[in-house]
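The values are calculated or read from the model by the stated rules, or taken from the named source; none is laboratory data. As the structure is a prediction and not an experimental result, all values here were calculated from the model. Backbone-built Cβ (ideal geometry, glycine too); neighbour counts: all protein chains shown. Areas reflect the complete protein model, heavy atoms only, side chains present, ligands, DNA and RNA absent. Shrake-Rupley method; radii C 1.70, N 1.55, O 1.52, S 1.80 Å.
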Amino acid sequence: MNSNTFRSLEFGAIRALVLSHAGSAAGKVRAQGLAPSTETGAVRAALARTTEGTAVLRTLGRQPYHDLPDIAPALAEARVEGTFLEPLALADVASFLEGAIEIGRRVAQAEGAPDLARLGAGVVDASDVASAIRRAILPGGEVADDASPRLAEIRRTLARLREQLQSVMDSYLHGKEAERLLQDRLVTTRNDRYVLLLKAEHRGSIPGIIHGSSGSGASLFVEPMPAVEVNNDIVSMTENEREEVIRILRSLTARVRDRAEAIGRSLDILGELDFVQGLALVARDMDAVCPEIVADARQGLRLVSARHPLLMTTVVERVGIARRSTREPVPVTIEVADGASVLVISGPNTGGKTVALKTVGLLALMAQSGLHVPAAPGSSLPVFRRVYADIGDEQSIAANLSTFSAHLANVVAMTKDLGLPTLVLLDEGGAGTDPTEGGALGVAIVDMFRARGATVIATTHHGLMKAYAQATPGVTPAAFGYDPATYEPTYRLEIGTAGRSLALEMAERLGLPLETVRDARSRLDLKEAQAEALLKKLEEDQAVLRAAEEDLSRRRLEVESAEARVSLAERDIVARKKTEIETFARELRRRGEEAVRKAAQTIDDTVRRLEEERKSSAAAVARTKSQVARLVRQAQDEVLGAPDVGLVEREPETEEAPVAVGTRVKVKSLGVTGEVMALHGGQAELAVGGKRMRVPRSELVSMGPRTHVGATSRSSASAVRAETSSSGSVSSEVNLVGLTVDEALPKLDKALDNAALGDTQQLRVIHGFGTGTLRRAVAEFLEGHPHVAQVHVGSEGRGGVTVVELRD
């Protein structure tokens, strides 16, 4: 890289653009030093960091680096032992630290930018230093009264002394003689002392110390004697105040000095982040992309829809350079690939050749500086160690060089330092001399660079150079197009063909008299005329081919569009069928779930109803048993308590005898006897101990016809009592251990009935521990049972026994 290349390609304007976006002093320093790198790894890393910068800019927005004060000088001064920073410099340090911490925190949390996030996380948290400065330094730069207790006391004393001095001065300002003696009724200072303006002619009228006179001599600066001592105290306290302020500033500066290394790193980090943001803002201004960096220049160079940045309105307005066109640049695709290393561009004047040449060179420099380039995705560039550009009129009157000589001097300089890979840009090679010799020289120069391994892009109007491009392997011709009807340039580059210069046609279009143009055409050399005709024929043939290609492309697009529509229709049909099937399946699932829910609800309702009926039946049976037991006890009491009443004589059970009205029967489940009073289908009405009750006929065992005994004997009574006692004998304990719930509950129910009939007051239910299932089932069964008065867990076994208190 050399200064001539930077100047020819106007790289300084790109640097100025980045500089305009930098906000901090450290960021501006980096922008001013923007330069291309020649190391592939470094270029890729710089481009990747710019990509991260665009991600941060997109997600977090522009960060306020411009609000960060430049503290580099203050930091350097603070590093010197024994020095102290002025209050405003310390306030700048606090502002920088606060801003740096906030920006670093935001960037550290940015997504899609890992390297920048690590940089942001490296900003030191020196908020303690910033807080200490803020407590001591007021926004205006003054040291706060409460910066230290001693300073607060000094300033309170100063305020009191100044009030005292003001009182002394007021006594003179408002005295009877004030109008006559004083030049003005005001208090001013002289030599840091408060004085009055005494008229010179009244010298000695106010006793005190004279500190000089005014410039005219009409006034004397007099310090009245009563104010001298107060002034002395004020001067002394002011000196004390200054010393305390310096002590405070030294202390704060020492805190900055102790953290100087960390703060310096934060300064560097913020400068780098600011610089990267500037690169990202340039990429946004240009709508730029990150090009692919290829490892080898032999892989070629490809810029897709590239635009020259200095022709863009946004860039021109920001940098403040003269606008060169009223319209935006036309994108152009430039490619040196497929084994070629030379591209020769021809075409009409003002067709865009030079702009294309500058675009390639400037975008190569930008990419190697870490900048995204204004092109389309798919663009790729190698990393060049040298970029040479010989563009424009370089004649120098001072150096006694013509245009031709200046061009040759540039070429000679290139040959002396051709470090590969090198990009060589030649505008109108061989121009400025005899066309025949110039064309031959231009071909020779281009071929020399090609042979030495350089990548060359050259523009030309020479027919010899066009023929060279068409016929030489490794050299690709290209031409800018034009409208064949008006000869207006289209600024579109066609790769693979040479173009006409159209000098005579352009002259005619620009208004040169037709006679002159015809005369010029008649003077063309026969060979030149034949070459021009051949090029014209080639252009026409290529136009036909392009038209055919465009028609073929149009037809292919139509076919592809039709195929796409068919494919879309098929996908739509498949999607609709899939949707319908999914809808049908969802409906089936919904109906199935609804049916299952209803069935489950029905089962639950049925189980609940059966359970309620079972409990109701159990309660009814229990109530019946309880009533029978009471009747039996009443009958026993009546029989045993009335010896003169006839008793029923016990007879052997006769199961074979039929049950009929008047038959003596025994109730199997209750163990009591009685007389059948009436039959009602499957039910029998019995008389037991003077009470009536209904029981199922299946529960009755016939004992034959009733037999009356005329006289009651003690032996009969004893027999009845013995029968009753035997039938009612019950245990006060029931053991359910080892039984299932279904086995245990009927046994428990029977034990409760027997206990109620046997007039037992308490029943112990042994169920053990186990899993607790049997214990819970027993508790639920006992709850609400008609025989049960109270239930509590027995003390023995810690809950393995439940004790039941029975109703009376």
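Quick notes
- The one condition in (1) over 30 Å from ILE14 (Cβ atoms); (2) open to solvent by 40 Å² or more (accessible area, probe 1.4 Å) that THR253 fails to fulfil: (2)
- Answer residue from segment 222-238, given it is touching a residue at least 40 places away in the same chain (Cβ under 8 Å) and out of contact with any Leu (no Cβ under 9 Å at 6 or more places or on another chain) and is farthest from ASN191 (Cα to Cα) among those: PRO226
- Within segment 732-808, strands (runs of 3 or more DSSP E) holding 2 or more residues that are touching a helix residue (DSSP H, G or I) at 6+ places or on another chain (Cβ under 8 Å): 762-766, 788-793, 801-806
- Any hit, segment 288-295, residues being open to solvent by less than 10 Å² (accessible area, probe 1.4 Å) and either more than 25 Å from LEU493 (Cα to Cα) or modelled with pLDDT of 95 or more (or both): yes
- Criterion: open to solvent by 30 Å² or more (accessible area, probe 1.4 Å), touching a residue at least 24 places away in the same chain (Cβ under 8 Å) and either in a helix (DSSP H, G or I) or under 18 Å from LEU116 (Cβ atoms) (or both) - qualifying residue of LEU19, LEU47: LEU19
- Those helices (runs of 4 or more DSSP H) of segment 118-208 in which 1 or more residues are open to solvent by 50 Å² or more (accessible area, probe 1.4 Å) and within 18 Å of LEU249 (Cα to Cα) occupy 127-136, 149-173.
- Among the criteria (1) open to solvent by less than 30 Å² (accessible area, probe 1.4 Å); (2) under 30 Å from ASP145 (Cβ atoms); (3) touching a residue at least 40 places away in the same chain (Cβ under 8 Å), the one GLU241 does not fulfil is (1).
- Residue in segment 258-274 that is without any contact (Cβ under 8 Å) to a residue 60 or more places away in the chain and either closer than 11 Å to LEU381 by Cα or open to solvent by 10 Å² or more (accessible area, probe 1.4 Å) (or both) present: yes
- The numbered conditions (1) in a loop (DSSP other than H, G, I, E, B); (2) surrounded by fewer than 18 Cβ atoms within 10 Å (Cβ to Cβ); (3) more than 23 Å from the chain's Cα centre (by Cα) are all true for GLY112 except (3).
- Subset tally (residues that are open to solvent by less than 60 Å² (accessible area, probe 1.4 Å), aromatic (Phe, Trp, Tyr) and within 14 Å of GLY347 (Cα to Cα)) for segment 435-490: 2
- Unique match (being in a loop (DSSP other than H, G, I, E, B) and open to solvent by less than 40 Å² (accessible area, probe 1.4 Å)) among SER37, SER8: SER37
- Total residues in segment 758-788, condition open to solvent by 40 Å² or more (accessible area, probe 1.4 Å) and modelled with pLDDT under 80: 5
- Failed criterion for VAL475 (all others in (1) at pLDDT below 70; (2) within 29 Å of ARG307 (Cα to Cα) hold): (1)
- Selection from segment 66-80 of residues that are part of a helix (DSSP H, G or I), charged (D, E, K, R) and within 13 Å of VAL256 (Cβ to Cβ): GLU77
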